[in-house]
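Novice: So that we are looking at the same thing, I have put the structure below in structure tokens.
Just so you know, all these numbers are worked out from the coordinates, no wet-lab data involved. What you see is a predicted model; the values in this text were computed from it and never measured. FYI the Cβ positions are ideal-geometry reconstructions off the backbone, even for glycines, and counts take in every protein chain you see.
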Amino acid sequence: MTFAERMLKIDRRIIFLVIGLCTLIPLLYPVGLPIKISPEVRGVYDHIESLPEGSVFLLSLDFDPASKPELMPQSISLLRHAFRKKLRVIALTLWVSGTGMADQVVTQVAREMGKESGKDYVFLGWSPGGTAVIINMGQDLYGAFPADYNGKPTKGLSVLQGVASLRDVNYAVSLGAGNPGVEAWYVFGKDKYKFELGGGCTGVMAPGLYPLLRSGQINGLIGGLRGAAEYEILIDQKGKAVAGMDAQSATHLAIIVLVVLCNLFYFASRNIARRQSQSGA
Amino acid sequence: MLKTSASFVLGSSKSSTYPRGYASGFDSPAALLNRRFEHPALWKALMLLLMTVLSQSWSPVFAQTDIQTKTPLAPPQDVRVFDTPSDGGDSLTVIWAPAPYDSAAVRYQVLLSEGTSVADPATMKVVAEFPANQRYVRESKWPWWTRPATGDQHQYTLRSGRGVELKSGTLYSITVATVLNDERSIAAPGQAAPEPNWINWNQMNNLLLALLFGGIVFYAIGTARKREIFLRRIPGLDAVDEAIGRATELGKPILYMTGAHDMSDPSTIAAAVILGRVAKRAAAYETDLLVPHREPITMAVCQEITKQAYLEAGKPDLYKDDSNFFITSDQFSYTAAVDGIMLRKKPAANFFMGHYFAEALLLTETGASTGAIQIAGTDSDHQLPFFVTTCDYTLIGEELYAASAYLSREPVQVGTLRGQDIGKALILGVLGIGTILATLGILFDAQWPKLFLDFFRDVK
Amino acid sequence: MPIETIIGGWVATGLTLFIFSFLYKDNPLFKLAENLYVGVSVGYTIIKTYDTVVVQLIWKPIVENGEWTLLIPVAIGMLMLTRYVPKAAWISRYAFAFIVGVGSGLAIPRTISSFILKQIEDTVRPLLTLIPGEGVTFTWSLLNPASSVNTIIILIGVSSVLFYFFFSVEHRGPGKVVARTGIMFLMIAFGAAFGYTVMARMSLLIGRLTDLIEFTDPSYGRPSLWLAGLTILTLVVMARRSRSHPPEEK
Amino acid sequence: MIFLRRQGPLLVTLITGLVFAAQYYVPHPASEQMLTSVTKWLQIIGGFALVLGVSSLFHVHAAKIRRKEAGWGYSFVLYVGMLGTIALGFWSNGKEAIDGTMTAFGWIYNYMMVPLQGTMFAILAFFIASAAYRSFRARSREAAVLLIAAVIVMMGRVPLGEYLIPISGDLSQWILNVLNASVRRAILIGVSLGTVALSIKIIFGMERSYLGGGKE
């Protein structure tokens, strides 16, 4: 067995260790490299900036604890921005296992900004049916959510004054980790009920949403932790996303090095094999 | 306000007091338009004819008109009010002619009051105000076949909500005023009542395409029933049989997954169809089949399919109800459980068919480490890179559907595939022709390409 | 710090490390965490479904507002459960027929409008750009996705990939060239997706490690450090034991 | 009877499918009202579907414990986890927090479910690294293209990459916005055609695998 072949058959737990260290070390000793703002993220930010006070902003936290590291910082930044702009915030989730987390983030940011439930914002909680919930909200918000998360009847809440359905929402952002997510909010929501829609998503979902971004079906896209970091810079309130960017850089570099090494060994072993077969023939 | 009463001009009548960029003949379609809402079908035909004739650019006509100097502020001309067509009611539309003074400095106001009689238009409620160089028909989303006026006209659609309440069946008066500094000049109000409509004509292209495509699919299926239709070979498919064969040789089970979606999703249905084939082979070779599920309805369906496959293979006694089993609807507990199965039972072949999310790599990487042959087929585009890099064969996107057709040779499936191919060919044609027309349109500043292009836009 | 938070910190750290132990190999600690997780998440789903569906969507509207029509979906839901009574299982077909029927009906026009028409609309663009004041020109800027050159690239990409997924035509002659172009475009997109996904996964790891670092704090009693040691010790002991008693399988 | 078993469900699909496809083109309030009711129904039926899944899980693990199958202890853990969560859930009225104070149910959620699920996901980081090292090889020209695109995007999406090779940021933007978008678009169009064709076939009873027993 040649050196290259041996390297290719290396125990994968060694690679695990390398990646673990590449994440851990920059987290403990950060550097703070500058982060550029992409037009996709700016799209969402600029739209919220342009909304007048009292506009209705709907935030759908369509993710579960599995995507917490990416989408939680996005939620926090978006909520901070919306509350700062004095928008009326409606939050909900279409993912059952994200309910507790969504409640936590909304309550926490609201408390930090001195906002009151029912007056400045409402958290509607979760409801089963996925896309059916979106359509139903577009038809009749109070039918889809007769009560908010705390069991308070939604009818008569001052934050929902003048809001009968999704048609009365000025801007909606879905933070999606899968289905139902941003696409579902377009197909079953914006397509018919005509609110402006923005998207936030995990890095995995992001490339797939570019056709919708190009065609203007969504007016902005916050992709993954990098997107969250950009948003934190935009609202000038740095948080976990910016803090994680150095570790992100290190791991990317590590993966690139691994890929390059892998190919070097691969080609080396292939050349040796070829030479051997030639001399054998 | 002095000039207000003097400038009452009936919206639909021809006005000679003001030079407009209009040939006089244009007022007759305007008159027709009013009738249009009583006879949509007749109107449709006429409109189509008219628009074909008129859909040229009228800017040259404008250029020749000399703008009169310093006239007193004139009210908007040709103000027409009607129920917004193709909607659920609670909405009215007002249309008026462009004026030479249209600019950002001048503003238009839309005024509303309930009932037919308006004592003094000046007391009507202002429901909208905007610069006079905005809100043209050409900026609205109306396609040519529902456009109630030429593109250069102004339009404003009033809807219930945000301070305005319009009730279906109630008559309202609406008019438009021109505002320059403190001066306001109001046109004669027009009356209309919002009515709910039964058909949304704006979406007719959508309906026609649905019907056309449905027709193509039915036609193709019909053809497939009569004769064999050529399908190109999909290389990954041979691997399916090979994998089942290898599992039999090794005496190890086959693991089959149907993806994250439920039975309403085509990928899951294709996965279920392929499962039918895999189960039949597995039954014939007497190889164990494991199908872990995360969606109860899918599980129930797959149980039926598996049972049927064993029956068709002539081995109903080998069928076990719990070869299809439910784990949990939760993505990662499912993944962990399936990974556990892979590590414990070491299946010789893993099939990943259907739609997958983040669990894909965890599943395929664990599967690869056990040395199983892995065959994937998925339409989840964001997971495809992992399948491509970690599986022996990957059916990319629609190849999954093609595979189910290829395996079954069923006329319905083969026909559907053919129908979709025709659909794709049509779309390729539209992309080509459309791009040429759009380029010509911008090159010659012409409007006629819109006759074609509008049909392939999402207009509502 | 409240005692439940401290206990919570220890439990969360322990479970996190149990799951991470899967990286070493499948082991009882991982299986314990895995099964506990399935149990807890199912329990959680049941409670949420009960609270939302039974209480908020069925019970309250019927009792408080007299919306008796809601008994219809309840009945359809009940039909579904006949799946477990072999003789009456066919009745459940009606429930599925209803769901699938409505789902298919809703999907057709919405898919055409959102994913076919909208996407065609944005692909069909003039190959020349009208710049106010300068007239019609061909724009070369690669960074502007709407420039003429990018319009052409997008058109080629969309067309060739669409052609790749033609199944009733053999990829031969000029068709082969187009299909090859298509597969190259596909691979670039897959590469981009791979890159983006690497980013996503690393972010998740960063998130978990950030939490673990938080739990090294003395106010929690440094559970991360203690439990990491304990987990490694357990794995070592188990590895020893399995070596002295090799499993019968294999 | 045979009609009720076979054609009946197909008729239900045909009617509901046609009605709800047509509904899209009918803006009249009556049709909107129908959509409102039925989507609300779907929400409720969705809840029943969850019950259906859970009952199967009960069955599978109960059988495992009864028969003392290998690893039945884990099934027992699963049961304890599930029943414990349900009990605490009822005790806390199904709320994770009441007025911002965490309940016992919320404790289970925050300190057990969230870290468990979050970590399941984080393991992927390691697997992706090993997949990149072991299987991400330039075996062919296609794979080489994939590789290069991936490296550019990986560089361009992190500050360090943009710092080391400034052009990588713009290049990855271009790949995502133009090349990637065009491919995704083609895939989206193709898949959508498939979705529409399938829905049509389901409505007209040509595709009935969702009912089970495709050959009836």
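Novice: Can you classify the stretch C:1-94 as rounded, prolate or oblate using the Cα gyration tensor, where a ≥ b ≥ c are the square roots of its eigenvalues, rounded means a/c under 1.5, and otherwise it's prolate if a/b beats b/c and oblate if not?
Specialist: Note, shape of the stretch C:1-94 comes out oblate.
Novice: Here is a further query. Compute the distance from the alpha-carbon center of the stretch B:256-334 to that of the stretch C:1-50, in whole Å.
Specialist: Measuring centre to centre over Cα atoms gives 30 Å.
Novice: Over all alpha-carbon pairs of the stretch D:7-94, lay out the pair-distance distribution in 10 Å bins, whole %, shortest bin first.
Specialist: In whole percents, the pair-distance histogram is 14, 25, 23, 15, 19, 4, 0.
Novice: How do B:339, A:236 rank when sorted from fewest to most other Cβ atoms within 10 Å of their own Cβ?
Specialist: A:236, B:339
Novice: Further question: To one decimal place, what orientation-averaged projected area in nm² is obtained for the convex hull of the Cα set of chain C?
Specialist: Its average projected convex-hull area is 29.2 nm².
Novice: I'd like the mean, over residues of B:210-218, of how many other protein chain beta carbons sit within 10 Å of each residue's own Cβ.
Specialist: Across B:210-218, the average partner-chain Cβ count within 10 Å equals 5.
Novice: For the stretch B:230-409, what is the Kirkwood hydrodynamic radius in Å, using each pair of distinct C-alpha atoms?
Specialist: About 15.7 Å for the stretch B:230-409.
Novice: Let me know the whole percent of all Cα-Cα pairs from the stretch B:80-239 that are separated by more than 25 Å.
Specialist: When all Cα pairs of the stretch B:80-239 are counted, 47 percent exceed 25 Å.
Novice: DSSP H helices in chain D with Cα extent of 30 Å or more along the helix axis and mean Kyte-Doolittle hydropathy at least 0.5?
Specialist: D:29-66, D:114-135, D:181-203
Novice: For chain A, what is the calculated [θ] at 222 nm in deg cm²/dmol (nearest 500), taking -39500 (n - 2.57) for each run of four or more DSSP H residues and dividing by its residue count?
Specialist: -16000 deg cm²/dmol
Novice: Something else about it: Nearest 500 deg cm²/dmol is fine: what mean residue ellipticity at 222 nm does chain C get from its DSSP H runs of n ≥ 4 alone, each adding -39,500 (n - 2.57), divided by its residue count?
Specialist: -22000 deg cm²/dmol
Novice: Give the residue list of trypsin sites (Lys or Arg not before Pro) in the stretch B:340-430 that are DSSP loop and have at most 14 other beta-carbon atoms within 10 angstrom.
Specialist: Hits after loop and neighbour filter: B:409.
Novice: In the stretch B:230-409, if the dipole is taken from +1 on Lys/Arg beta carbons and -1 on Asp/Glu beta carbons about the Cα centre, which of B:230, B:362, B:401 is farthest to the positive end?
Specialist: B:230
Novice: Also, quick follow-up: What's the magnitude of the charge dipole for chain A around its Cα centre, counting Lys and Arg as +1 and Asp and Glu as -1 at the beta-carbon? Answer in Debye, nearest 20.
Specialist: My answer is approximately 680 debye.
Novice: Now for a separate question. Provide the net charge surrounding residue D:195, with neighbours chosen by a C-beta distance below 13 Å and charges set as Lys +1, Arg +1, Asp -1, Glu -1.
Specialist: Cβ neighbours under 13 Å give a net charge of -3.
Novice: Order C:98-106, B:112-120 from most to least packed using the mean count of other Cβ atoms within 10 Å.
Specialist: C:98-106, B:112-120
Novice: A follow-up question, please. Subtracting the Cα-Cα distance from 0.36 nm times the residue separation, let me have the gained length for residue B:208 to residue B:344 in nm, one decimal.
Specialist: Contour length minus the Cα-Cα distance gives 43.6 nm.
Novice: If you don't mind, another one. Taking the simple approach of a point 7 Å from Cα along Cα-to-Cβ for both residue C:213 and residue B:321, what is their distance in nm?
Specialist: About 5.4 nm separates the two model spin labels.
Novice: Right, something else. Using only alpha carbon pairs under 8 Å that are at least six residues apart, calculate the relative contact order of the stretch B:230-409 and give it in whole percent.
Specialist: So the answer I get is 26 percent.
Novice: With Cβ to Cβ distances under 10 Å as the rule, what net charge do the other residues near residue A:138 carry (K, R +1; D, E -1)?
Specialist: +1
Novice: Using a 10 Å cut-off on Cβ to Cβ distances, tally the other chain neighbours for every residue of B:314-326 and report the average as a whole number.
Specialist: Mean partner-chain Cβ count within 10 Å for B:314-326: 1.
Novice: Here is a further query. Round to a whole angstrom and tell me the spacing of the C-alpha centers of the stretch A:133-161 and the stretch C:59-80.
Specialist: First find each Cα centre; the distance between them is then 18 Å.
Novice: Let me ask you something else. Can you pull the percent of Cα pairs in the stretch C:123-214 with separation above 17 Å?
Specialist: 67 percent
Novice: If one computes the Cα centroid of the stretch C:105-168 and of the stretch B:155-208, what distance in Å separates the two points?
Specialist: Result: 34 Å between the Cα centres.
Novice: Could you tell me which of rounded, prolate or oblate describes the stretch B:252-328, using a ≥ b ≥ c as the square roots of the eigenvalues of the alpha-carbon gyration tensor, with rounded for a/c under 1.5 and, failing that, prolate when a/b is larger than b/c and oblate otherwise?
Specialist: Prolate, because a/c is 1.5 or more and a/b exceeds b/c.
Novice: Compute the orientation-averaged projected area for the stretch A:63-216 from the convex hull of its Cα atoms and round it to one decimal in nm².
Specialist: 8.2 nm²
Novice: Can you tell me which of B:93-103, C:132-142 comes out highest on packing, and rank the rest after it, using the mean Cβ neighbours within 10 Å?
Specialist: Ranked from most to least packed, the peptides come out as B:93-103, C:132-142.
Novice: Filter the GluC sites (Glu not before Pro) in the stretch A:1-89 down to the DSSP loop ones having no more than 13 other Cβ atoms within 10 Å, then list what survives.
Specialist: A:53
Novice: For a quick size check, give me the Cα extents of the stretch D:1-53 along its three principal axes, largest first, whole Å.
Specialist: Here the spans come out as 37, 28, 13 Å, largest first.
Novice: In a Debye calculation with equal point scatterers on the alpha-carbon sites of the protein assembly as shown and no solvent, what is log10 I(q)/I(0) at q = 0.07, 0.08, 0.09 Å⁻¹?
Specialist: Log10 I(q)/I(0), no solvent term: -0.70, -0.92, -1.17.
Novice: Helix-only mean residue ellipticity at 222 nm, chain D, DSSP H runs n ≥ 4 weighted -39,500 (n - 2.57), per residue, nearest 500. What is it?
Specialist: -24000 deg cm²/dmol
Novice: Continuing with this model, one more query. Just need log10 I(q)/I(0) for the stretch B:187-233 at q = 0.17 Å⁻¹, Debye formula, equal scatterers on the alpha-carbon atoms, no solvent, rounded to two decimals.
Specialist: -0.73
Novice: Let me ask you something else. Taking Cα pairs under 8 Å and at least six residues apart, what relative contact order does the stretch C:95-250 come out at, in percent?
Specialist: Averaging sequence separation for qualifying contacts and normalising by length gives 9 percent for the stretch C:95-250.
Novice: Then there is this: In nanometres, what is the gap between the two model label sites at residue C:144 and residue B:125, each 7 Å from Cα along Cα-to-Cβ?
Specialist: Spacing of the two 7 Å Cα→Cβ label points: 4.5 nm.
Novice: From zero outward in steps of 5 Å, how is the percent of C-alpha pairs of chain A spread across the bins?
Specialist: 1, 6, 11, 15, 16, 13, 9, 7, 6, 5, 4, 3, 2, 1, 1, 0, 0, 0
Novice: Tell me whether the stretch D:118-191 comes out rounded, prolate or oblate; compute the Cα gyration tensor, take square roots of the eigenvalues as a ≥ b ≥ c, and use a/c under 1.5 as the rounded threshold.
Specialist: Since a/c stays below 1.5, the shape of the stretch D:118-191 is classed as rounded.
Novice: Further question on the same structure: Provide the three semi-axes, in whole Å and in decreasing order, of the ellipsoid equivalent to the stretch C:43-105 as defined by the square roots of 5 times the Cα gyration tensor eigenvalues.
Specialist: Here the semi-axes work out to 23, 16, 12 Å.
Novice: Determine the shielding of peptide B:195-206 by partner chains: average, over its residues, the number of Cβ atoms on other chains within 10 angstrom of each Cβ.
Specialist: 4
Novice: Would you mind computing the Rg to Rh ratio of chain D from its alpha-carbon coordinates, Kirkwood style for Rh?
Specialist: Dividing the radius of gyration by the Kirkwood radius yields 1.08.
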